[in-house]
Amino acid sequence: MIHQITGRTRLGGLLGSPVSHSISPMMHNDSFYELGLDCVYLCFDVGQEKLGNVVNALRDMNTYGFNLTMPNKEAVLPYLDELSLAARIIGAVNTVKNENGKLVGYMTDGIGYMRSAKEAGCDVTGKEMMILGAGGAASAIAVQAAIDGVSKLHLVSRKSRSWEKAEKLVLKINENTNCQADLTDLADNEALRELLSSTALLTNATSVGMSPNKKATPLQDVSLFHPGLTVSDVIYHPRETRLLAEARAAGCKTFNGMYMLLYQGEAAFKIWTGQDMPTELIKKRYF
Ligand code: NAP
């Protein structure tokens, strides 16, 4: 739903490639409409080559801001004026607010994930958490969890291109937050068992188990699960991954990545407009 475009309508949108599959235009345009805000949100297929030109144009066009997705979350950094604490630690941005020509970068993926965990009944403040993976989603969740007061963060990665990235992330979290972060090899099953025994929330932030590879799981050994553990997946295609199905069978509470997607948008909307997204309505329509 889009209200009438006027001479004062402000533009914003998503910069990435590809972008045509995105649910964000529906989420934000419906919310603008419901709240009577004179704004629109469009998708722009823009890769790294043209990113600088486009960002500078959006700065000068009195836009309210924009989102970034692949491959632009890190590439946008040189064009921004200021970063939130989380964006600075992660080194990536998915939301930019245009404050009269000053571009301020934020990362709301981790905010969205932490809100979805709370909604699933899992408040990890002062508790231990384990995250599988060390890519974009894992970094955003790890840093937000550390900022939000998780006491110990166990990052788990395979020894591959991600390992060095994971080591740097652990250092940055330990330097910039009160959370104690450590790193474990995904292949070290006994170390995982030991760490999981005191862990409240396990998060799969790898792409393992995503459609069409629905039979894959990042944790082969189901005896690692215990009923005190909540298990989550950032994946939402399928709604229940093999990891979540096996964890549920072992008595764990589980939740998927669907509401992470919704709540990262909710957080971006608040940053741009200062107003609360009509989230329940958006949830009913699209989630
Ligand atoms: P990414 O930056 O490519 O990171 C993927 C991570 O998974 C890397 O650490 C990678 O390690 C690891 N990995 C891949 N295959 C693996 C395997 N077989 N065994 C162990 N580790 C493996 O991707 P991303 O952007 O973080 O996305 C990860 C997942 O999150 C995707 O499924 C994406 O759709 C989902 N996601 C969901 C939301 C949401 O709102 N729900 C938001 C963002 C992303 P290597 O470096 O060794 O390959």
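Residue count for the stretch 154-187 satisfying the condition of being more than 15 Å from the ligand (Cβ to nearest atom) and assigned to a strand (DSSP E or B): 3.
Let's see how each residue does on (1) more than 10 Å from the ligand (Cβ to nearest atom); (2) part of a helix (DSSP H, G or I); (3) free of Cβ contacts under 8 Å to residues at least 12 places away in the same chain; (4) farther than 18 Å from M26 by Cβ:
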{"residue": "M210", "(1), (2), (3), (4)": "no, no, no, yes"}
{"residue": "A216", "(1), (2), (3), (4)": "no, no, no, yes"}
{"residue": "Y236", "(1), (2), (3), (4)": "no, no, no, no"}
{"residue": "G251", "(1), (2), (3), (4)": "yes, no, no, yes"}
{"residue": "T254", "(1), (2), (3), (4)": "yes, no, no, yes"}
{"residue": "Y259", "(1), (2), (3), (4)": "no, yes, no, no"}
{"residue": "L262", "(1), (2), (3), (4)": "no, yes, no, no"}
{"residue": "A267", "(1), (2), (3), (4)": "yes, yes, no, no"}
{"residue": "W272", "(1), (2), (3), (4)": "yes, yes, no, no"}
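The set of residues from the stretch 139-164 being within 18 Å of the chain's Cα centre (by Cα) and at pLDDT below 95 comprises just one member, S162.
Just one residue in the set P218, P227, P212 is at pLDDT 95 or above, more than 19 Å from L155 (Cβ to Cβ) and not hydrophobic (A, V, I, L, M, F, W, C); that residue is P212.
Looking across H21, H28, one residue alone is assigned by TED's automatic domain parsing to the domain that holds G274 and within 15 Å of K97 (Cα to Cα). It is H28.
G133: away from the ligand (no atom under 14 Å from the Cβ), in the same structural domain as Q180 (by TED's automatic domain parsing) and either touching a Cys at 6+ places or on another chain (Cβ under 6 Å) or more than 22 Å from Y64 (Cα to Cα) (or both), yes or no? For G133, the condition - away from the ligand (no atom under 14 Å from the Cβ), in the same structural domain as Q180 (by TED's automatic domain parsing) and either touching a Cys at 6+ places or on another chain (Cβ under 6 Å) or more than 22 Å from Y64 (Cα to Cα) (or both) - is not met.
Based on this model, can you work out whether E99 counts as more than 14 Å from the ligand (Cβ to nearest atom) and not basic (K, R)? Yes: the conditions hold for E99. N53 falls short on exactly one of the conditions (1) among the polar types (S, T, N, Q); (2) away from the ligand (no atom under 16 Å from the Cβ); (3) buried (at least 24 other Cβ atoms within 10 Å of the Cβ), and that condition is (3).
Of the candidates P71, P78, the single residue that is within 20 Å of the chain's Cα centre (by Cα), farther than 25 Å from D276 by Cβ, surrounded by fewer than 17 Cβ atoms within 10 Å (Cβ to Cβ) and touching a residue at least 12 places away in the same chain (Cβ under 8 Å) is P71.
The values are calculated or read from the model by the stated rules, or taken from the named source; none is laboratory data. Worth saying up front: this structure is predicted, and the values here are computed from it rather than measured. Positions of Cβ are backbone-derived with ideal geometry, glycine not excepted, and every protein chain shown enters the neighbour counts.
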